[in-house]
1. Which residue, of VAL99, VAL91, VAL76, VAL59, is of a type in the set (A, V, I, L, M, F, W, C), open to solvent by less than 30 Å² (accessible area, probe 1.4 Å) and over 19 Å from LEU163 (Cβ atoms)?
2. What are the residues in the stretch 391-407 that are open to solvent by less than 90 Å² (accessible area, probe 1.4 Å) and at pLDDT 50 or above, if any?
3. As an exercise: evaluate PHE241 against (1) more than 16 Å from ILE17 (Cα to Cα); (2) buried (at least 24 other Cβ atoms within 10 Å of the Cβ); (3) hydrophobic (A, V, I, L, M, F, W, C) and give the number of the one condition it does not meet.
4. In the list THR358, THR369, which residue meets the criterion of being at pLDDT below 85, open to solvent by less than 40 Å² (accessible area, probe 1.4 Å) and not in a helix (DSSP H, G or I)?
5. If only one of LEU170, LEU135, LEU109, LEU177 is within 25 Å of GLY68 (Cβ to Cβ) and aliphatic (A, V, I, L, M), which one is it?
6. If you take the residues in the stretch 287-307 that are open to solvent by less than 70 Å² (accessible area, probe 1.4 Å) and among the charged types (D, E, K, R), which one is nearest to the chain's Cα centre (by Cα)?
7. Within the stretch 163-183, which residues are without any contact (Cβ under 8 Å) to a residue 40 or more places away in the chain and in contact with a Ser or Thr (Cβ under 9 Å, 6 or more places away or on another chain)?
8. Which ones in the stretch 321-343 are surrounded by fewer than 18 Cβ atoms within 10 Å (Cβ to Cβ), polar (S, T, N, Q) and not in a loop (DSSP other than H, G, I, E, B)?
Amino acid sequence: MTTSSGLFASFVGQGGIFRSRDVLRPTYTPKELPHREEQIQELASVLAPALHGETPSNVLIYGKTGTGKTAVAKYVGKELEEADAGSACSVIYLNCEVVDTQYRVLAHLARHFDKDIPMTGWPTDQVYSEFRNALDEKKRVVVIMLDEVDKLVRKGDDVLYNLSRINSDLVQARVSLIGISNDLKFTEFLDPRVKSSLGEDEIIFPPYNAEQIQDILEQRAELAFRPGVLADDVIPLCAAFAAREHGDARRALDLLRIAGEIAERARSQMITEEHVKAARDKIEQDRVEEVIKTLPTQSKLVLYSILLLEEQAARNITTSTVYGMYKQLCPLVEADSLTHRRITDLIAELDMLGILHTVVISKGRYGRTKEISLSVHPPKLKSILLQDYRLKDLASFSVPTQARFGPL
C-alpha cells in the first residue's frame, strides 16, 4: 500500500464528513423537489405539447432567490428530454448573468447545434441565421431556458424579440422560451410585443417557510454527509436562519455546506451549532465585502474618512468630523467634494447597508447629533477599500496631529 506524503498527506488520511458536498451546491438538481409539486405539474402541463411535436407556450417564472425556480425548470426539462413519446425534444439552459448579450446568446445556441461561431466578429444577423438554419435541419421541439433573463434585458430586448418570433422563420423545428427571473418588474422595460409573446404563461414561486426548508435540508443532508456527523440542532438552525432571509433555500444549503467545511477544516467529527454560526458570519462577511467593492467612489471616501477617525481613536465620530476628514481626502484622489448634506445622505445609505452604525445622541439645548461607528472589522475594511485603484494613494496618508475635523 502506498503511503501519501507531502502537503496533502494529512487530508488523504482523513475519513471526512462529506459524502458529496456538490449535493449542497445550487448547480445540483435533485431527483425529488419537496414542496414544489404544484409548480412542477404546472410547468409540465405547459411543456407537454412538445411531446406531440407541437409548440408549447412561452413561460415566465418569477420568485425570489432560493425559491426553487431553476431547480424546477431543470428538473422538468430533464424529464421532458427523457420522456419516450416518439418526438424529439431538447432543452438548452443559459444563465444570462454569464451569457449576457444578444451575440453571446445566439452564438451559444448555434454552438449547441455544432456550428462553429467565433466569440466575436460576426454580424449578429449572420449568427442568428446560422442558429436558425441549424435548428431547422430536422423536425424537433427545442425549449430554451433563459435564467436571470432580466440581466439580459438590461442590455436590450432584441434577442428576446428575435427568439420569441423565431417560429415564423422555421419550417420543421419549433421553439419555446422559458424566462426565469427574481425581478417581478423587469417586463416593464420590454417592448409590448415582446412582453405579450414572452409572457403567454406565468408561474409564481412563493418563498419557503422554515419547516419546508428543513425538509429540503434533511433530504440533501442524507446524500451530502456521512451518517451521524450532524448534531440534532444543525438543520433546524440553518432552516431558521434562511427563513428569516425570505425563505431562501439556496442560502440554507450554502449555510449547511460551509458549516460542514468549517467543521472539516477544524478536524471535527461532528457539525455543531457553533459551526453553523461561524458559517453564517462568513457568508455575511462575504456579502458585505462584495457590497463595499461595488460602492461608488464618494461612498468609499466617506468610509475611509470614518476608518481614519477610528484609527485616531476620535472620541465622537459625527457627520461633521467625517465631513472634515472627507474634505481632506478628496484632493488626494482628485475627486470633487460633495456638500455636507449629501455626505449625510451617503452615511444614511451606508447605515442601511449595514456597513456602519449610527446612533442619534441628544445634546440637550445644543440639539442632536449622529454618532457613527463601523460595523466591519477596520483592517479588513481598509484592505477592501485600498483594492480600488482610485483610492490606492490614500494608503500613505496620515492625519496631521493638530488637524481639526469640524465642530462636534
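The values are calculated or read from the model by the stated rules, or taken from the named source; none is laboratory data. Predicted model only: the values in this text are computed from it and were never measured. Here Cβ is always computed from backbone atoms with ideal geometry, including for glycine, and neighbour counts include all displayed protein chains. The accessibility values were calculated without ligands, DNA or RNA, using every heavy atom of the protein model including side chains. Shrake-Rupley method; radii C 1.70, N 1.55, O 1.52, S 1.80 Å.
1. Details: VAL99 fails: over 19 Å from LEU163 (Cβ atoms); VAL91 fails: over 19 Å from LEU163 (Cβ atoms); VAL59 fails: over 19 Å from LEU163 (Cβ atoms).
The match here is VAL76.
2. Hits for the stretch 391-407 are LEU391, LEU394, ALA395, PHE397, SER398, VAL399, PRO400.
3. Exception for PHE241: condition (2).
4. Of THR358, THR369, the one residue that is at pLDDT below 85, open to solvent by less than 40 Å² (accessible area, probe 1.4 Å) and not in a helix (DSSP H, G or I) is THR369.
5. That would be LEU177, the only listed residue that is within 25 Å of GLY68 (Cβ to Cβ) and aliphatic (A, V, I, L, M).
6. Within the stretch 287-307, the match that is nearest to the chain's Cα centre (by Cα) is GLU289.
7. Passing the criteria: only ARG165.
8. GLN328
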